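Shown next, in C-alpha cells, is the structure this report addresses.
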Amino acid sequence: MHRLFSALILVCSFAVSASAADASKSPLAAFFGHWEGSSKMLATKYSKPEEVTSKADCRWSPQRAYLVCEQTIHDSHGVHTQLTVFTPNESGKDYTFYTLLGDGKKAYTGSLKIAGDVWTYGPAEDAKDQYPLFRTTNTFTNGTEVSVTEFTEDGKTWTKMLEGDLKKSH
C-alpha cells in the first residue's frame with residue numbers, strides 16, 4: 001500500500017512538473033503577469049467617447065491547466081471587475097475563454113485565436129450568426145499589448161470602437 005501511495009505521488013508530481021513546462025511554452029504565456037493601461041472609447045452606435053483605464057493580473061491555475069486573469073476597469077460608469085479563464089478548445093489549436101462579470105451580469109464565452117503575437121477574441125462558435133458581432137485584437141510587442149475592439153452588423157464591414165494599450169509591469 002505504501003509503495004502504491006509513493007508511486008501515485010511520484011506520478012502526480014511528474015504530471016504537475018510536465019504541466020508547468022507545457023504552460024511556459026503555451027502561447028497564453030504572453031499574457032502572464034501584471035498589466036496596466038488605458039484605452040479610448042470612440043463615438044459609435046455601441047460606444048460613447050471616454051477614457052478607460054484597467055489593470056489585469058494573469059496567472060496559471062494551480063495545476064497550470066488554465067490561464068486565469070482578473071481585471072479591474074475604470075470608466076465613466078464606475079469600477080468594474082471581471083475574471084476570465086482561458087483553455088484550449090476541442091481542436092487543441094485555438095482557445096475558449098469564459099468571463100465572469102463582477103456586477104452579477106450574465107457571464108459570456110468566446111473564442112480566442114492566437115497567431116504569433118496577435119490574439120483575436122471573437123464570439124463563441126454558436127453566436128457567429130448573431131449580429132452585431134464584436135471582436136478584439138491584441139498585439140503583443142516588447143511588454144506592450146495594443147488593443148483594438150470593433151463591431152460588425154453585416155459580417156463584412158468592421159467599425160473601430162475602442163483602441164488602447166496595456167504595459168506589463170512585472
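The values are calculated or read from the model by the stated rules, or taken from the named source; none is laboratory data. Here the structure is a predicted model, which means the values were calculated and not measured. Only protein heavy atoms, including side chains, enter the accessible area calculation; ligands, DNA and RNA are left aside. Shrake-Rupley method; radii C 1.70, N 1.55, O 1.52, S 1.80 Å.
What does the convex hull of the Cα atoms come to per residue for the stretch 28-132, in Å³?
Numbers: hull volume 13.9 nm³, N = 105.
Per residue, the Cα convex hull of the stretch 28-132 comes to 132 Å³.
State the percentage of accessible surface on the stretch 91-170 attributable to carbon and sulfur atoms; use a 1.4 Å probe and exclude ligands, DNA and RNA. The partial results should precede the final answer.
Details: 2510 of 4780 Å².
Carbon and sulfur: 52 percent of the exposed surface of the stretch 91-170.
Given a 1.4 angstrom probe, what's the average accessible area per residue across the stretch 58-170, in square angstrom?
Details: 6840 Å² over 113 residues.
Per-residue accessible area for the stretch 58-170 comes out at 61 Å².
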